[in-house]
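The values are calculated or read from the model by the stated rules, or taken from the named source; none is laboratory data. Note that the coordinates shown come from a computational prediction; the quantities given were computed from them, not determined experimentally. Cβ placement follows ideal geometry from the backbone for every residue including glycine, while neighbour counts extend to all protein chains displayed. With ligands, DNA and RNA removed, areas are computed over all heavy atoms of the protein, side chains included. Shrake-Rupley method; radii C 1.70, N 1.55, O 1.52, S 1.80 Å.
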2 protein chains.
Amino acid sequence: MRTQPAVECSIQRTLDLIGDRWTLLILRDLFRGVRRFSRIQEDLGIAKNLLTDRLGTLVDAGIVEKVPYQERPVRHEYRLTEKGRALSPSLLALMRWGDRYVSGGLAPTELVHDECDTRLELQPWCTTCNVPVAPTDISSRPGPGRHIGTEDTRV
Amino acid sequence: MRTQPAVECSIQRTLDLIGDRWTLLILRDLFRGVRRFSRIQEDLGIAKNLLTDRLGTLVDAGIVEKVPYQERPVRHEYRLTEKGRALSPSLLALMRWGDRYVSGGLAPTELVHDECDTRLELQPWCTTCNVPVAPTDISSRPGPGRHIGTEDTRV
DNA sequence: AGGAGTCAGTTTCGATTTTCAACCAACCGC
DNA sequence: GCGGTTGGTTGAAAATCGAAACTGACTCCT
């Protein structure tokens, strides 16, 4: 995995952890309830050694835990921890984008607002102004940490 | 890139397009206002041939467009299209997760609302009612597409 | 006009990763 | 004992990546 000296950005840190070609798909399967090694392997078509490796990384990172679901023979399944479940907005956001821009508007599964029964979007939301914020009204700036660059950061 | 017969899932389709080790970081740079080939290259430390390749893929996919910012010599920069800008919730979600679970609650870089200069959160948003929706007011249902699996999909 | 510099790449080639297939071990049911 | 399932490991071939050298169009400087 890439190593960068003192990475300043949470996106980069996140992607260093789960941003390879398979990991987010593995997590998607876990969200969908596909939790066993062999089921994930056949569902994704991933090579077994890679699946072993990726699951190990996820377990080490505390995103997934390996829990026995039977004794004799001991068999394990992989379950999302709270940390892993917290990735659901990320996966949802990727799904919604794919629904709209790659799958041609078709949504295999959708989340709906109870009251009006229409589909939900994920929106950046300003808790101060209490309004949704368009990408063009977003800037990035250094947080409590150090500053990175000084150029125009508007989209 | 991986090819699967008739992929049913928008997450997979999305990741097939932008789910490699560099593309989301390139997009992050574009969101941050780093738009020139050489600036992206030095910022990420990506090999130039790979950057050429990834930017080409993004342009082909209509996520990014190559626009000249000067003549003589012709120089281009890469700008997000509307399709590309629509990925902001995904990147924001990944960033917020990283802030909390990888960066130890600290946000090295934060996205702020231009108008009021405060940090943004991601909220499920109902476009019909025009309100943010709490998790308790959300249901899921199969969309217009086909169903994928029938097992327990609870986390 | 000559020389140095910048930007955006392309080419080359060795190193790393991924894939594919075979093998393995523990256990089960028959 | 025999075949089957689960959850892996091992090793070789193929694909991908990374670092550095090179290119070409054009600047600016003198």
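Observations on the structure shown:
- Taking amide hydrogens as placed 1.01 Å from N in the peptide plane, the amide H of B:GLU77 sits under 5 Å from those of B:VAL67, B:TYR69, each at least 5 positions away in sequence or on another chain.
- Of all lysines in the structure, those lying under 26 Å Cα to Cα from A:LYS48, and not within fewer than 8 positions of it along the same chain, are A:LYS66, A:LYS83.
- For B:80-91, mean number of other protein chain Cβ atoms within 10 Å: 6
- Remark: region B:91-102, residue by residue, has Karplus-estimated 3J(HN,Hα) of 5, 5, 4, 5, 5, 5, 4, x, 3, 7, 9, 10 Hz, where x stands for each Gly or Pro and the curve is 6.51 cos²θ - 1.76 cosθ + 1.60 at θ = phi - 60°.
- Accessible area (Å², 1.4 Å probe, nearest 10) - B:GLU82: 110 Å²
- Per-residue HN-Hα couplings for region A:29-41 [Karplus 6.51, -1.76, 1.60; θ = phi - 60°; Hz; x = Gly/Pro]: 4, 4, 4, 7, x, 8, 10, 9, 3, 5, 5, 4, 4
- For chain A, a Gaussian network of Cα nodes joined below 10 Å ranks A:LEU24, A:LEU111, A:LEU55 by mean-square fluctuation, and the top entry is A:LEU111.
- Counting, for every residue in A:30-38, the Cβ atoms of other protein chains within 10 Å of its Cβ and taking the mean gives 3.
- Gyration tensor (alpha-carbon) shape descriptor, chain A, a/c threshold 1.5: oblate
- Separation in nanometres of the label points that stand 7 Å from Cα toward Cβ, at B:ASP53 and B:GLU115: 4.4 nm
- If R0 equals 35 Å, the separation of the Cβ atoms of B:ASP60 and A:SER88 corresponds to a calculated FRET efficiency of about 0.70.
- Summed side-chain charge close to B:THR128 - residues other than B:THR128 whose Cβ falls under 11 Å, Lys, Arg +1, Asp, Glu -1: -2
- C-alpha long axis of helix A:48-60 to longest principal axis of chain A, angle in °: 60 degrees
- Taking amide hydrogens as placed 1.01 Å from N in the peptide plane, the amide H of A:VAL64 sits under 5 Å from those of A:VAL59, A:THR81, each at least 5 positions away in sequence or on another chain.
- Under a 5 Å amide H cut-off, with hydrogens placed 1.01 Å from N, A:VAL131 pairs with A:CYS126 among residues at least 5 apart or on other chains.
- Rounded to the nearest 500, the 222 nm mean residue ellipticity of chain A from helices alone is -11000 deg cm²/dmol, with -39,500 (n - 2.57) taken per DSSP H run of at least 4 residues.
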